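Quick notes on the structure that follows.
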Amino acid sequence: MGFLDFFTSLFSRRAKPKAKGGKKNASKAKATARPAPRTTRSQSASDESIDLQVTKTKEKKRKKAAKVSAAPIDEKALGFSISLKTEDAQSKKREALRIRVDNLYVHVSRLNKRYPVTDISATGLGFAFEKPRIKAGVDLVVAIILDGKVMAKDVQCKVRRHDRGSVGCAFVDLDRAQDDAVHAIVLRGQKEQAARKAAQRDRDFKPPA
């Protein structure tokens, strides 16, 4: 072995521990440096499912409550009526009580004659009339006369029926004075009716033997 070979072998042997130390440092660096966590497909899918569930729950919260419908109340079974709405004028008209009043007449302008009133209420009246037959829907203008005094004039009426010798009419758009007059006449009729019932009870009363 020559001097050159000895010299090269010497340097190559000294360089080996440096390489070994470099490998140790590299391995230490690799050991200390931990790889960043990788997101797998299963994790991303689970995250998406969680997001979908959250959005679904939010949408469910936004939904309005379902409407609850109940069966209609059987008022006949209860024995009384339940009304949540104000009765309209038409229903009140149907329920108006017609009553007889003594010495009450109407003067019908179209017939130019006075006729006895058979019954009256807050919403209409009936008067005795045989022929000719008056069709339903005909408009009449009457004056209401009590004890020979005109209580209400130019009262607009509409014929509803004509049968059994009586014409039934409904008042149309009474003004304040006409309405007050009709109310006073009906009140008098109620008092007369109460007096007739009291007199009938007195006649039917039999003292104990």
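What follows is calculated from the coordinates using simple rules that are stated; it is not laboratory data. Bear in mind that the values here come from a model prediction, so they are computed numbers and not experimental data. Backbone-built Cβ (ideal geometry, glycine too); neighbour counts: all protein chains shown.
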Identify, from the list VAL172, VAL167, VAL182, the residue that is touching a Gly at 6+ places or on another chain (Cβ under 8 Å), of a type in the set (A, V, I, L, M) and closer than 20 Å to ALA143 by Cβ. VAL167
Which of the residues spanning region 123-159 are closer than 24 Å to ASP102 by Cβ and basic (Lys, Arg)? LYS149, LYS153
Restricting to region 183-209, count the residues that are over 13 Å from ARG100 (Cα atoms) and touching a residue at least 40 places away in the same chain (Cβ under 8 Å). 1
